[in-house]
Amino acid sequence: MSTGSVVGRESPNRTRTLLAFMLVLALSGFENLIAELIPGLELGPIEVGISSFFFVPLVLVILFNSWWAALAAPIGELIFSDLVLGEFGGLGEFEEVILVTVALKLAASLVRNPRDRTQVLIAGLVAYGLAELAGTVIDILKVVIGVEEFEAVAGLPESIYVVEGLDFLVEYIVTGILLGALPAMWLAPRLYGTIEPLLGLQPRPGDGSDADAPTTLAIAVAVGVVVSALVAIVAAQGTTLIEWEPEFLESIGEWYIWVAVAISALVALISGFMAVRERRQP
């Protein structure tokens, strides 16, 4: 009797966690696809484009504060922006998965009270800065150790440090600040306590009691950065494991991206519907 009651209590929690995972996955894939549809702007040798509406996964992970939610965000991009569109590059894709996961979980732990706009702003700036800076250092490292060739940009000094540094700065300002921390600072306090009950989940306590221990989090971030660097270096040497770039998609045309958009939106709607239905269960 005792065992049965425990299982009965845990099963709905696991189901709701899975539904939250699917919701974050679908919405993250959706926002990445929408970002791809927006054309970039060229300012001389520098291209300014929207790579992601980073505030979407940032706000969701801050509200849910779980490793599963943090993992769902880059996996959503991997599935809907890469696999569905036939642009999966193999092992190297997991460099970003690891970096984004640890960065988002770091952001969630830095926010002890989702109603505090200052905490959300700082967390967003730190999280995107970590992921983008680590990715920049890894790209430079691959050129320095010789596993990847330096591709010069016309109009810029032929220096990997200058090119990668400018790319980091543009990405950080556009994606990290304008489309990340600033809108998240406005959205997180307003959505806190509204999305979670719809999924049958309790909102965060708001006192920091659910935050990861600093030492544990620091170790997780350090391990994540090191592992992502190793994955990137191994992938740059030609190890792909598996690639998915079907040629038939080229004959379909660019409109196919709308199929991926529709699929991601449908998955999000189904996840939300199932979550509401699960919430009504006793």
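Quick note: the coordinates plus some simple rules give every number you see, no bench work behind them. Treat the numbers as computed from the prediction; the structure is a model and nothing was measured. Backbone-built Cβ (ideal geometry, glycine too); neighbour counts: all protein chains shown.
Some observations on this one:
- Each listed q (0.13, 0.19, 0.21, 0.22 Å⁻¹) maps to a log10 I(q)/I(0) for region 88-209, found by the Debye formula over equal Cα scatterers with no solvent: -0.65, -1.05, -1.18, -1.24.
- By the helix-only formula, in which each DSSP H run with n ≥ 4 contributes -39500 (n - 2.57) and the sum is divided by residues, the chain has a 222 nm mean residue ellipticity of -21500 deg cm²/dmol.
- Highest-MSF residue in the chain out of V56, V153, V226 [GNM, Cα springs under 10 Å]: V153
- Neighbour-limited loop hits for GluC sites (Glu not before Pro), region 88-173 (at most 12 other Cβ within 10 Å; DSSP other than H, G, I, E, B): E149, E151, E158
- Karplus 3J(HN,Hα) series, Hz, for region 256-269 with 6.51 cos²θ - 1.76 cosθ + 1.60 (x for Gly, Pro): 4, 4, 5, 5, 5, 4, 5, 5, 5, 5, 5, 4, 5, 5
- Between R117, R204, R190, the residue with the greatest mean-square fluctuation in the GNM of the chain (Cα pairs under 10 Å linked by springs) is R190.
- Close amide-amide hydrogen proximity is noted between G90 and W244, each under 5 Å apart and 5 or more residues distant or on a separate chain (H modeled in the peptide plane; Pro and chain starts excluded).
- Considering only W68, W255, W186, the mean-square fluctuation computed in a Gaussian network model of the chain, springs between alpha carbons under 10 angstrom, is largest for W255.
- Annotation: the chain has a Kirkwood hydrodynamic radius of 20.1 angstrom, from the mean reciprocal C-alpha pair distance.
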